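Values in this text are rule-based calculations from the coordinates and carry no lab data. Everything numeric in this text was worked out from a predicted model, so none of it was measured. Here the Cβ positions follow ideal geometry from the backbone for every residue, glycine too, while neighbour counts run over all protein chains shown.
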Amino acid sequence: MYPYDVKKANQLLEQAGWTMGPNGVRQKNGQDLSFAYMSNFKDLGEFLQSQLKQIGAKLDITIVPPGTQTQDRELKGLDNMVDGGTQQAGFLNEDPDIMRVILSPDYIGKQAVPSLIGFKSDQLSQALDQQQFHLNDDTRAGLLKQAQQIIMQNALIVPIFDGHKTIVASKNVDGIFIGPVLFYPFFYEAHLT
């Protein structure tokens, strides 16, 4: 949906009125094109910063300890970028219903599970809500596809990386169970055969 094209990105920003400022950061109406990024992944933040610099956007990186991201973002009033491809936000999940918890407008402003995005759309809300009740895989897949298209068309989430885990065990080890959330290995029943 969005091929990597720095030249086109720069053209679109120019067309939208974001002109290059003297400090190498685009400006519009006296305001810099800047984003806040809060994470405990410094390397990822620096990578994003270098990518955004190519189009004249500034990325302010704040490194925070794991487990404090949501609280720190709320205290600083940040609502720009947060990495969710990791365990902190739980985007890695075998069930796509995680999109409902993270993106549904129904969670905006609720303290228990706040929406990370703050985007309001009746279509997105309906698709995410309805998919959780369907047992028919084709119907559920259609609703999730509809939700994914809304998410991508509005750039609510920009996939950057997918953390993979490789678990290796000797062939004489049995009983290792891969957990359903975040794919953690469980060794409670592990034994030698």
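Taking 0.36 nm per residue of sequence separation and subtracting the Cα-Cα distance, how much length would be gained by fully extending the chain between Asn136 and Lys8, in nm to one decimal?
Details: separation 128, 0.36 × 128 = 46.08 nm, distance 4.09 nm.
Gain in length upon complete extension: 42.0 nm.
Given the pairs Lys58/Lys165; Lys7/Lys28; Lys42/Lys165; Lys7/Lys165; Lys7/Lys42; Lys28/Lys145, which are separated by over 29 angstrom at their Cα positions? Long pairs (Cα-Cα over 29 Å): Lys58/Lys165; Lys7/Lys165; Lys28/Lys145. Would you work out if the range 1-64 is rounded, prolate or oblate? Take a ≥ b ≥ c from the square roots of the eigenvalues of the alpha-carbon gyration tensor; rounded if a/c is under 1.5, else prolate when a/b is larger than b/c, oblate otherwise. Taking the square roots of the gyration eigenvalues as a ≥ b ≥ c, the range 1-64 is oblate. Taking packing as the residue-averaged number of other Cβ atoms within 10 angstrom, the listed peptides 30-36, 166-172 run from highest to lowest as 30-36, 166-172.
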